[in-house]
Amino acid sequence: MTILVLSIVVLGLVAFLAGWQRERKLKKMLENGEISELPSIKQVEDMECCGQHETCEKESLLAAVSKDIVYYNDEELDRFRGTPPSMYQEKDVDEFRDVLYTMKEDEVAGWVRSLQLRAVELPDELRDEVFMIVGERRS
C-alpha cells in the first residue's frame, strides 16, 4: 500500500514538473518572438455523438453545453434580442418558422442553443414544434 501511495505521489510530482517546464519554455518562446501567443486548448466538434454522455451534447438544447455561437443563416433574428416570447407578431413568428423548416433536423438543437447564447428567445408558438423535432430526433 505504501508503494502505491509513493508511486502516485512521484507520478504527480513528475507531471507537475513537466507542466512547469513546458510553461517556462512557452513563455521564453513568447518573449523571444518565436510564437505570437500562448497556445490554447482547441475543441473539435465531431459530426457524430461520442457516446460518452447519457444525452448527446450535439442534440442538447442547453446553452451551457457549448459556448460557441453558430449562425444558421439567421443573423437577421438578432434584432429580436431581448424580446419576450409572447410579444412576437405573426410575421416575426413566420420568420423564425422559415429558418426552422429550412434546416436539417439534426441542426435544430444547435440552432436553439445558438439563439439562447445570442439572447434571442423562441416565440411561444414554435416551442412545441421545436421540442417535437428534437424529441423525434433523439428517439
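Values in this text are rule-based calculations from the coordinates and carry no lab data. Predicted model, so just to flag it, every value in this text is computed and none were measured. Here the Cβ positions follow ideal geometry from the backbone for every residue, glycine too, while neighbour counts run over all protein chains shown.
Approximating the spin labels as points 7 Å out from Cα along Cα→Cβ, the Lys25-to-Asp98 distance works out to 5.5 nm.
Annotation: extensible slack from Phe131 through Met87 equals 13.8 nm (criterion: 0.36 nm per residue apart, minus Cα-Cα distance).
Quick check: residue separation of Ile35 and Leu117 times 0.36 nm, minus the Cα distance between them. What number comes out in nm? Can you show the working numbers first?
Values: separation 82, 0.36 × 82 = 29.52 nm, distance 3.22 nm.
So the extension gain works out to 26.3 nm.
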